[in-house]
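The values are calculated or read from the model by the stated rules, or taken from the named source; none is laboratory data. What you are looking at is a predicted structure, and each value in this text was computed from that prediction instead of being measured. Here the Cβ positions follow ideal geometry from the backbone for every residue, glycine too, while neighbour counts run over all protein chains shown. Heavy atoms of the whole protein, side chains included, go into the accessibility calculation; ligands, DNA and RNA do not. Shrake-Rupley method; radii C 1.70, N 1.55, O 1.52, S 1.80 Å.
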Amino acid sequence: MKKNRQAKKFFNPPSLLLRQAGSTLLMGYLNGWRRFPHWLVRHGLPSMPVANGALGMGCIGYPGHPVWEVTGACNLRCIHCHAVSGKAAPGELTTDEGKKLIDMIAAESEFRTLVYTGGEPLVRPDIYELLRHSQQAGLANILATNGTLIDEETAFKLKDHGVVCNAISVDASDPKIHNSIRNRPDAFDLAMRAIEATKKVGILLQINTTAMEYNMENLPELIDFADKCGAGIMLMYQLVAVGRGQKIKTATLKKSANKHLSKLISEKQKQSSMIIEPVAGPQYWPYLLERGGIRDGFKLDLAGKVFHGCSAGRGFVYIKADGNVWPCPFVEVSGGSVREKSFYEIYHESELFQNLRRREETLKGLCGDCRYRTVCGGCRGRAHAYTGDYLAEDPRCFLRETSREDVTA
């Protein structure tokens, strides 16, 4: 049965392939992406397992996207860490509990990948046993890592255990800035070692970056740097004031900076050889649509099929180290624990996840009244961080303060 399930998991039906291609083509068209053919040849086919079963583009990559924080333990003390990583979290799922979780995730037809994050997932002693289990369950493994523990030998081992993508965090092309954010003097050099090892063994390279006041000036250079490194994907997070990030709340981006970042991503996408996607900045998608003159009607409805904006609870799910199931790492609200309920029950039936799936009806304030509820929806993590209500309006949305002429300028 496992072999059949694995074959089914890694086979993308034509409808899913068309939707994946449709989101990429629409994004490329709206941005005037000139190097799309280059990306398609170099990264397109290798990236398909990474977005396996994806329903389009959205925050943190794509819907159909489970992420498991396997441990709170980490060998770094980054100033912006949402997980406040350091020591292992109390009551982390055991190996057997982790395998049961993997099986429950694999049983969900919309989930064909599993992202391992932390903390630093590679410090968990049984990480390779867990990776092998999800590989055998038919899931494509993705590793979200600071990169400091990956050399060539480790990279080969990861590939053997079903890892199809290493998402390596780099917060600046300037080593001093990166090392300062990561609180380690050799963090940049070790990340570069991981990048080279990842490419050498044939694992898709993804670069994860967190945009904040500390590195905003370096972001244009960093995007070019990630492109030159050979990344196929770059996720541009915005700092959300949760976890250790609460201590540097003043470094979060304001409305004007959120708009500037959307414009920067769009401008860089034109000549980039990688896909650049925002995280905690869902206003990027309506920003593109407004620039293209798509504000209502059939075209907006069509765009809503492939642009999903905030995916929290709507295809994206985040499992904490202790088994609590959140809709997003920045929405610190649990729908239940897999120690007490099945993953299916939490993900499909809890009030939390149902509210987020029905956001066209449940969102409040300006987000609830916005024509872009479907393609954007506002950042639910930012709304919760600032108001305590995950359905409140996004306090950093710039769309209502921007005329169409300003957007297209």
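Things worth noting here:
- Test: residue in the stretch 303-322 that is more than 30 Å from E221 (Cα to Cα), open to solvent by 10 Å² or more (accessible area, probe 1.4 Å) and not basic (K, R): yes
- Here the stretch 162-187 is the region considered, the condition is being under 26 Å from V201 (Cβ atoms) and part of a helix (DSSP H, G or I), and the residue that is most open to solvent (accessible area, probe 1.4 Å) is P175.
- Selected residue [over 30 Å from F111 (Cα atoms), over 15 Å from the mean Cα position of the chain (by Cα) and touching a residue at least 60 places away in the same chain (Cβ under 8 Å)] from I181, I177: I181
- Being in contact with a Gly (Cβ under 8 Å, 6 or more places away or on another chain), open to solvent by less than 10 Å² (accessible area, probe 1.4 Å), within 21 Å of V375 (Cα to Cα) and not in a helix (DSSP H, G or I) holds for only one residue in P282, P278, and it is P282.
- Residue in the stretch 43-53 that is in contact with a helix residue (DSSP H, G or I) (Cβ under 9 Å, 6 or more places away or on another chain), assigned to a helix (DSSP H, G or I) and free of Cβ contacts under 8 Å to residues at least 40 places away in the same chain present: yes
- Residue that is farthest from L130 (Cα to Cα) [pool: residues in the stretch 68-85 that are touching a Pro at 6+ places or on another chain (Cβ under 7 Å) and open to solvent by less than 10 Å² (accessible area, probe 1.4 Å)]: T71
- Scan of the stretch 202-231 for residues that are open to solvent by 10 Å² or more (accessible area, probe 1.4 Å), not acidic (D, E) and not in a loop (DSSP other than H, G, I, E, B), ordered by number: L204, Q206, N208, T210, M216, N218, P220, F225, K228
- Qualifying position, being surrounded by fewer than 23 Cβ atoms within 10 Å (Cβ to Cβ) and either modelled with pLDDT of 95 or more or touching a strand residue (DSSP E or B) at 6+ places or on another chain (Cβ under 8 Å) (or both), among K259, K268, K249, K299: K268
- Of all the residues in the stretch 232-245, those that are assigned to a loop (DSSP other than H, G, I, E, B), touching a strand residue (DSSP E or B) at 6+ places or on another chain (Cβ under 6 Å) and under 24 Å from E213 (Cβ atoms) number 1.
- Picking from residues in the stretch 103-161 that are open to solvent by less than 20 Å² (accessible area, probe 1.4 Å), assigned to a helix (DSSP H, G or I) and in contact (Cβ under 8 Å) with a residue 60 or more places away in the chain, the one that is nearest to P185 (Cα to Cα) is L130.
- Residue within the stretch 80-92 that is aliphatic (A, V, I, L, M), at pLDDT 95 or above and in contact with a Ser or Thr (Cβ under 6 Å, 6 or more places away or on another chain) present: no
- Remark: pairs (first residue in the stretch 324-348, in contact (Cβ under 8 Å) with a residue 24 or more places away in the chain and open to solvent by 20 Å² or more (accessible area, probe 1.4 Å); second residue in a helix (DSSP H, G or I) and charged (D, E, K, R); Cβ separation under 9 Å; 6+ apart in sequence or on different chains) = V338/E97; V338/K100; R339/E97.
- Residue check for K305: more than 30 Å from L204 (Cα to Cα) and in a loop (DSSP other than H, G, I, E, B): no
- One residue alone among L391, L356 is open to solvent by less than 20 Å² (accessible area, probe 1.4 Å), assigned to a helix (DSSP H, G or I) and within 21 Å of V279 (Cβ to Cβ), and that residue is L356.
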